[in-house]
1. Take the Cβ-Cβ distance between B:Asp210 and B:Asp66 as r, set R0 to 25 Å, and report the resulting FRET efficiency rounded to the nearest 0.05.
2. In terms of modelled amide H atoms, which long-range or inter-chain residues lie less than 5 Å from the amide H of A:Phe124?
3. Taking neighbour Cβ counts within 10 Å as the exposure measure, how do A:Leu310, B:Leu189 sort from fewest upward?
4. Need the list of lysines near B:Lys135 for cross-linking: C-alpha distance under 23 angstrom, and skip anything on the same chain fewer than eight residues off.
5. Distance from the Cα centre of region B:82-139 to that of region A:133-197, in angstrom?
6. Considering only A:Ser211, A:Ser260, A:Ser46, give the residue with the highest GNM mean-square fluctuation for chain A, with springs between Cα atoms whenever their separation is below 10 Å.
7. Residue-wise, which Karplus ³J(HN,Hα) couplings in Hz belong to region A:63-79, taking 6.51 cos²θ - 1.76 cosθ + 1.60, θ = phi - 60°, and x for glycine or proline?
8. So what's the angle, to the nearest 10 degrees on a 0 to 90 scale, between helix B:131-145 and the longest Cα principal axis of chain B?
Amino acid sequence: MSESIADRAGELSGTEETILREVGYDAPASRSATAVLIDHDLRVASSQIDGVEIMPIQEALMRYDWVQNLMFNMIAPDENELLRQSVELLDDPIGHFIYVHDGTKVPHPIQTFTVMERPQGRQFTHNITVIGKDAEVDMISGAAVPGNVHAGHHVSIEETYIRDGARCRGVSIERWGSNMLVDSFSRSEVGAGAEVVSNQIMLAALRRHLSDSKTYIGADASSNEQAIIFAPQGTKRTFELEVFLTAEGARSEHLARMVSAGGEIINNNLLVGQAPGTNGFLGCDGLMLSSEGEIVATPSLKAASHESMLSHEASVGMIDKDKLAYLMASGLSEDRARDLIVQGFLNLNDVYIPDEMRAQVTDMIAAAQSGGM
Amino acid sequence: MLELRDLSVFVGDKPILHNIDLKVGVGEVHVLLGPNGSGKSSVLAAIMGLSPFEVTRGSILYRDKDLDGLGIDERAALGLGMAFQRPPELDGVTVEEFAAALDASRELTNESALLNMEDFAQRDLMVGFSGGEIKRWEVLKLFLQDPDFLLFDEPESGVDLEHIAAIGAAVRKLVSKPAKDGSKRGALLITHTGLILEHIDADQGHLMRDGKIIHSGAPKDLFKHIQKQGYVAPAA
C-alpha cells in the first residue's frame, strides 16, 4: 500500500458522493485505487493494493525525478494559446499521478474524478498516468458538478503512457454544468504490443466543449476507442482527434456516435498510418433529433506508408420514420420509441461500461433527450 | 369490434383502396386473400395508421370509436396490434430490451419457447434474422404487446414447414386468449399460402382485387376456389 493513502484519504460529503455516483464513483474500498479532485484540492488519493500508486502530481514530481520527463512530454504549453495562459497563471500544477507498476494485474477498477463545486470557478488540471509493462487495469473516470453550479471553466491536460504489453480498459463519463466551458487536451502513447479499449460518454449539456486528443500507437499495439456524444440545444462540442499508427502492426479503430438534439457537434478525425502493416478505421455516425442543430463529421486518412490499410465511414441522418412507426405500433409512446432508437443507435451494448453503471448511463440518455440534463 | 365503412385510401395522389366495407365481430377471425398488389397489406396499414396511407373517404371504427386523427401509438393503446410483414431492422435494440420497454420481460421468457426463439434475447431486433425468424418474431411480439385485436400480415410466408406448425399454434393461442376485459379477441389475417388456415378456425374470408373486396365467404372454401380458379370471384 502506498504512503500517500493515509495522506490523502479525505472524506467526501454526502452530496459529493451522490453526484459522483452518477458518473461511476463507488466506495474506495471496492476500487483498487481512487483519486477525487474537488476544485483545486485532490481530496482523495488512495490505493488499496501494492503495485498501484496514486498521488498529487506535485508529490510525484518530488518523489520520482523521471516524472518531470513525462510532464509536457507529449504536449507543449505553447501548443495552444489557452494552454499557455493557463500554465502561466499557475505556479503549482493540480492533478493526479497514477503509476501502475510493471506486471501488476489490478483486480478492481482504478477510479478518478474531477468535481467543480465553486460556481463560476476556474479549474486547470494536469494528470499523468503510467501503466507499466505487461500490467492490466480497468479505469473509470468522470467529471461532475453539483446541481447549483451552471457556469465555470475547466481546462485539463491528460498525458497517458501505456507501456509495452500492457492492457488498459477505460470508460469516462462527464456531467458538467449547462453553461460551462470545458477544454480538454489528452495525449496517449501506447507501447509495443499493448492493448487499449477506451470509451467516452458525453451526454450532459454544457455551453462549449473542445476535446483535443492525440494518440500514438506502437508496434503491434491496438487501440479501440468509442465516443458517445450528445449535444442538446445550446451545447457545442468540437473534437479534434488524431491517431498515429507509428510502427509496424499498429492497429486502431475509433468510432464516434453523435446525437444532436438541437446542439452542434463538430468532429474532425485524422488517422495517420506511418508504418507498413498498420491498420486503422474511423467511423463517425450522426443522428439528428430535430431540424435545429448541426453535425459536422470529417474523417480524414493519411497514409505515409504504402502498406498502411486505412478506411473510414461517416453518416448523418434523422430518426428513421419506419422504425419509429414500428415501435409505436408495438405499443410504445413516441417518446419511449425515440429513446429506444437513440439507445440502439448509440449501441451501448458494444461499449465497455461496468455492469453497475449501465442502467445509469441508459437513464442519462433518456434524461438528455428529454432536456433533463 | 372492427369495422371499415366505405373506406378509400390513397398513397400520395394514387388510389390504393376503394370503398372497402368490412366488419369483424367480437371473437371473429377474418382472412384477407388476394394477389400481390391487391391492397391487402394496405388495409392493415390503414387500420394501424401507418404512413404514407391516407384515408380519403369513409372511416375505420374500433370498438365503435372512429380512429380518424389518432396516431399509431394511440391506436396501439386502444388495443390494436400488428405482426408486420417486413419490419425494419433496429440496430442496437435487443429483443430483451424491447420486451423490457413493453414491460413484458416475463412474457418473453414464457412464450419464446413456443416459437423456438429462446436464444434470441440478446439479438438486435431483425438484424440478421432470416425471413422465417422475422415471422416468428412478429408473432412473439404480439404476445409481448398483448393487443385485443390482432392484425397479421402474412404470418406464415417464407416460413419453413418445420416452423409453420409453431406459428400456427402460436397464432391460435393468441387468438383464443381472452382480451384484457375478458371478452374474446378479434383478428384480421392476410395469407398467401393458406397454410395458416390449417391451424386456426377462421370465420370469414375476403377476396381482394385491385383495392376492392370482390367476394366474402367461408375461408377454406374460398381458398380452395382460388387454388383451382385463381383470384376471381366465385359464381354466385
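1. Working: r = 26 Å, r/R0 = 1.06.
Given R0 = 25 Å and the Cβ-Cβ separation, E is 0.40.
2. A:Val155
3. Working: A:Leu310 21, B:Leu189 27.
Lowest to highest Cβ neighbour count: A:Leu310, B:Leu189.
4. Reachable lysines: A:Lys321, A:Lys323, B:Lys40, B:Lys173, B:Lys177, B:Lys220.
5. Each part reduced to its Cα centre gives a spacing of 37 Å.
6. Highest fluctuation among the options: A:Ser211.
7. 7, 10, 5, 5, 5, 4, 6, 8, 7, 6, 7, 9, 9, 9, x, 8, 5
8. In chain B, helix B:131-145 runs at an angle near 80 degrees to the longest axis.
The numbers here are math on the coordinates, done by the rules we state, and not lab data. Note that the coordinates shown come from a computational prediction; the quantities given were computed from them, not determined experimentally. Every residue, glycine as well, gets a Cβ built from its backbone with ideal geometry; the counts of neighbours run over all protein chains shown.
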